[in-house]
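Data block below; observations after.
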Amino acid sequence: MEKSINENAKKGRSVGSEIVVALQNAVAYAKGDHSKGRAHRVQVPPRIDVKQVRRKLGLSQSDFAEKFGISAATLRNWEQGRRQPDGPARVLLTIIGREPAAVQRVLLSRSER
């Protein structure tokens, strides 16, 4: 981020002007002008095997729940099929399954503030 701010300063542009241009481009994109931007679609998995994610990390239900800020009761309900994780929870569980250390770093850094 700082590098781009410095580059903009060298080019005579302020951060504020860059934000204004970005917002104008976003509005134009929303109105159908796709020449100055692009959209990315995220594919949220329709189902996720929560037990498999937890077992892959070698954690008990209580350890997994505590480590990632999930209610132990909710985790049990997901694993036993009584409930399914909603969209944001499926996203989080997907990231935990692929990059557990990254999630843990973020959660720890937030708690230290």
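Taken together, the values in this text are just the output of simple stated rules run on the coordinates, not laboratory data. Everything quoted here is computed from the prediction, not taken from an experiment. Neighbour counts are summed over all protein chains in view; Cβ atoms, including those assigned to glycine, are modelled from backbone coordinates with ideal geometry.
Among the residues of the range 60-113, the ones that are more than 17 Å from Q43 (Cα to Cα) and aliphatic (A, V, I, L, M) come to 11 in all.
Restricting attention to the range 24-52, the residues that are in contact with a helix residue (DSSP H, G or I) (Cβ under 6 Å, 6 or more places away or on another chain) and polar (S, T, N, Q) add up to 1. Can you tell me which residue is nearest to R76 (Cα to Cα) among those in the range 14-50 that are hydroxyl-bearing (S, T, Y) and in a helix (DSSP H, G or I)? Residue satisfying both the conditions and the ranking: Y29.
Is it true that A73 is more than 24 Å from L107 (Cβ to Cβ) and either in a loop (DSSP other than H, G, I, E, B) or over 21 Å from the mean Cα position of the chain (by Cα) (or both)? When the stated conditions are applied, A73 does not pass them. Residue pairs whose Cβ atoms lie under 7 Å apart, sitting 6 or more positions apart in sequence or on different chains, and linking a residue in the range 13-28 that is under 22 Å from A39 (Cα atoms) to a partner that is in a helix (DSSP H, G or I) and of a type in the set (D, E, K, R), are N25/K36; A28/K36. One residue stands out among those in the range 48-63 that are within 14 Å of T94 (Cα to Cα) and of a type in the set (A, V, I, L, M, F, W, C): the one that is surrounded by the fewest Cβ atoms within 10 Å (Cβ to Cβ), which is L57.
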